[in-house]
Amino acid sequence: MTADREAKRGPGTRTDFVLNDQVDHYPTRTVRTSADPGDLDALVREGYLVRRGMIGADHAEELAEAVIALSEAEAGLPQAEYLPGENIYLRSLLDKDVTFHPLLRLEPALSIARTVLGPQVRVEVEARMNYPGKVGVAVPWHAHLPVIPHPLPPLFSHPHQIHCLLYLRPVTEQEGALCLLPGSHADPHTRIPLGDGDERPGEVRLYFEPGDAVLIHADLWHRSVPSTQAAGARILLLLGLVPAWIRAETSRGVDPRVRLSDRLRADGRQDTKELLGDFEW
Ligand SMILES: O=C(O)CCC(=O)C(=O)O
Ligand SMILES: [Fe+2]
């Protein structure tokens with residue numbers, strides 16, 4: 001991001017949030033973002049917001065090379081999310097290479113997320129790479145948090161998260177567009193069968209230069225168009241901007257070498273993992 005480019009976008013938005021935190025004397029958290037109220041409304045209503053040039057091309061390439069290095073280190077591991085020659089998905093990047101650490105405060109993604117989710121968010125950094133030169137590599141229609149029950153319980157905690165897709169290498173017709181269904185994050189009736197990657201009415205197609213980003217609501221339906229033989233490596237980071245009270249782990253006071261709850265996890269049941277907070281998107 002260049003400060004100049006963001007400054008020219010307009011006056012931006014400032015929100016003073018008073019937290020209902022008695023212990024901390026009801027502190028005020030001021031969030032300023034370069035995004036205008038109209039942009040923020042569009043994000044909430046349509047479920048996405050494109051931000052070109054969020055980082056510079058050189059920074060994008062530095063991050064792309066760090067993703068490639070990690071992919072080489074992890075591809076052979078038994079737990080790798082890896083389809084040889086097609087793609088690899090890498091998680092917990094903040095714990096794997098300090099090159100990713102500046103993404104903890106990536107602007108304007110962070111301030112936009114704090115404005116629409118509330119000032120307390122945490123950040124997860126993950127990456128996807130689709131390998132070059134392979135025809136037909138794509139992700140079919142999906143949303144990241146398929147957890148909404150019908151009927152909606154009266155005290156349901158809606159899974160609002162903002163996911164920032166930050167593209168590190170170009171996405172052209174060869175790599176295949178990212179397609180989004182505007183408004184689908186707020187439409188419980190969108191039910192697309194698993195594996196369906198067909199074009200749908202109203203889909204928006206996006207192409208990217210290195211450093212471009214799109215913020216999406218985690219429940220927005222999206223897919224990628226299959227690659228052609230001429231595709232370069234498609235490399236993107238996925239930043240999860242998540243309400244901070246949704247904890248990834250509860251390790252306070254626990255010796256990480258002796259996690260007794262691992263004995264519970266050992267039963268291999270999906271609902272045991274969920275009950276222990278290991279639920280992943
Ligand atoms: O490849 C892309 O552009 C999007 C990938 C995606 O949606 C995902 O990894 O969840
Ligand atoms: Fe996705």
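The values are calculated or read from the model by the stated rules, or taken from the named source; none is laboratory data. Just so you know, these numbers come straight off a predicted model, no measurement behind them. Here the Cβ is made from the backbone with ideal geometry for all residues, glycine too, and neighbour counts use every protein chain on show.
Results for (1) more than 14 Å from R114 (Cβ to Cβ); (2) outside any strand (DSSP E or B); (3) touching a residue at least 40 places away in the same chain (Cβ under 8 Å), shown as yes or no for each residue.
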| position | (1), (2), (3) |
| --- | --- |
| D16 | no, no, no |
| D21 | yes, yes, no |
| H25 | yes, yes, no |
| R29 | no, no, yes |
| D41 | yes, yes, no |
| R45 | yes, yes, yes |
| I55 | yes, yes, yes |
| E65 | yes, yes, no |
| A73 | yes, yes, no |
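Could you identify the single residue in R191, R200 that is free of Cβ contacts under 8 Å to residues at least 24 places away in the same chain and farther than 28 Å from M54 by Cα? On inspection, the qualifying residue turns out to be R191.
Restricting attention to segment 220-234 and to residues that are within 11 Å of P132 (Cβ to Cβ) and aliphatic (A, V, I, L, M), the residue that is farthest from ligand 1 (Cβ to nearest atom) turns out to be A230.
Results for (1) within 15 Å of ligand 2 (Cβ to nearest atom); (2) out of contact with any Gly (no Cβ under 7 Å at 6 or more places or on another chain), shown as yes or no for each residue.
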site: G176; (1), (2): yes, yes
site: H185; (1), (2): yes, no
site: R191; (1), (2): no, yes
site: G197; (1), (2): yes, yes
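Yes or no: Q270 closer than 27 Å to I68 by Cα and away from ligand 1 (no atom under 16 Å from the Cβ)? So Q270 fails the test.
Filtered by the rule that a residue be assigned to a loop (DSSP other than H, G, I, E, B), within 16 Å of ligand 1 (Cβ to nearest atom) and under 13 Å from the mean Cα position of the chain (by Cα), segment 160-171 gives a lone residue, Q161.
Inspect segment 224-233 for any residue being hydrophobic (A, V, I, L, M, F, W, C), surrounded by 22 or more Cβ atoms within 10 Å (Cβ to Cβ), in contact (Cβ under 8 Å) with a residue 12 or more places away in the chain and assigned to a strand (DSSP E or B) and give the result as yes or no. Checked segment 224-233: no residue is hydrophobic (A, V, I, L, M, F, W, C), surrounded by 22 or more Cβ atoms within 10 Å (Cβ to Cβ), in contact (Cβ under 8 Å) with a residue 12 or more places away in the chain and assigned to a strand (DSSP E or B). Answer yes or no as to whether L220 is within 14 Å of ligand 2 (Cβ to nearest atom), surrounded by 10 or more Cβ atoms within 10 Å (Cβ to Cβ) and of a type outside the set (F, W, Y). Yes; evaluated as a whole, the condition is true for this residue. Residue count for segment 111-141 under the criterion of being surrounded by 12 or more Cβ atoms within 10 Å (Cβ to Cβ), under 28 Å from A66 (Cβ atoms), among the hydrophobic types (A, V, I, L, M, F, W, C) and away from ligand 2 (no atom under 16 Å from the Cβ): the result is 5. If the condition is being modelled with pLDDT under 95 and within 19 Å of Y167 (Cα to Cα), then segment 1-58 contributes M1, T2, R5, E6.
Looking across segment 172-193, the residues that are more than 14 Å from ligand 1 (Cβ to nearest atom) and in a loop (DSSP other than H, G, I, E, B) come down to P182, G183, D187, P188, H189, T190, R191, P193. Note on segment 142-160: residues that are within 14 Å of ligand 2 (Cβ to nearest atom), at pLDDT 95 or above and surrounded by fewer than 21 Cβ atoms within 10 Å (Cβ to Cβ) total 2. Return yes or no: is S157 small (G, A, S), away from ligand 1 (no atom under 16 Å from the Cβ) and not in a loop (DSSP other than H, G, I, E, B)? For S157, the condition - small (G, A, S), away from ligand 1 (no atom under 16 Å from the Cβ) and not in a loop (DSSP other than H, G, I, E, B) - is not met.
Where residues in segment 194-215 are of a type outside the set (K, R) and not in a loop (DSSP other than H, G, I, E, B), which of them is surrounded by the fewest Cβ atoms within 10 Å (Cβ to Cβ)?
Out of the qualifying residues, it is V204.
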